[in-house]
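Trainee: Got a structure for you, questions after.
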Amino acid sequence: MFKRILVPVDGSELADRAIQASLGLAAPLGATVVGYVAEPMPQLPAVGRPPSAVARENALHDQRTEAHAHQVLARFESLAKEAGVRFEGHFEQAPLVDQAIVDAAEAKGCDLILMVTHGRGAFGEFLFGSHTKAVLSRCKLPLLVLH
C-alpha cells in the first residue's frame, strides 16, 4: 500500500499527533516515515538597515531555524526507532512552506502526506491561513489530515 509517508512537523504539541499517527500507520505497513521541517525564509529587512546588520540577523535566523529543525527531527527519529519504523529526516528553508511540503513529497518519492490541522474554521483560516488547505490544493498525492 503506502511505502513512504511524508510527515511535516514543526515541534508543536499538535505535530506530536502526526508523529504518533504516522508511526502507527507505518509500522504494520513496513513503510518509511519521512519527517520534514520547512522553516520560513528570513523576513525582508527594514528600509535603511545597514547590510552588516541584515547579514547578522539572517545568520542568526539560519542558526535558530536549523537548530530547531534538528531538535524536532532528532526527537522524531528517536520515536521512530522505538517503534521499529524506518525514518528519514529532512529540513529546508522555503519561501512558501505549503509548496515546499508538496515539492519535498515528490522529491523524496513519497506516496502519502500525513498532516494535522488546527481546524480553526473559516474565520481562523482568514486570519491565519491554512497550510493543510494549501497543500491539498497543490498536491496530487493522497493527503491524510488529522484534526
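Trainee: Taking the Cα atoms only, what angle lies between the long axis of helix 51-83 and the longest principal axis of the chain, rounded to 10 degrees?
Mentor: It is inclined by approximately 10 degrees.
Trainee: For the chain, take N as its residue count and report Rg(C-alpha) divided by 2.2 N^0.38 Å.
Mentor: 1.12
Trainee: Do any trypsin sites (Lys or Arg not before Pro) in the stretch 2-36 lie in a DSSP loop with no more than 16 other beta carbon atoms within 10 Å, and if so, which?
Mentor: Details: sites: K3, R4, R17; in loops: K3.
Passing sites in the stretch 2-36 are K3.
Trainee: Hand me the tally of lysine pairs in the chain: alpha carbons under 21 angstrom apart, and the pair either on different chains or 8 or more positions apart.
Mentor: 5
Read the figures in this text as sums done on the coordinates, not as results from a lab. None of the values given here were measured: they were computed from a predicted structure. Every residue, glycine among them, receives a Cβ derived from its backbone with ideal geometry; neighbour counts consider all protein chains shown.
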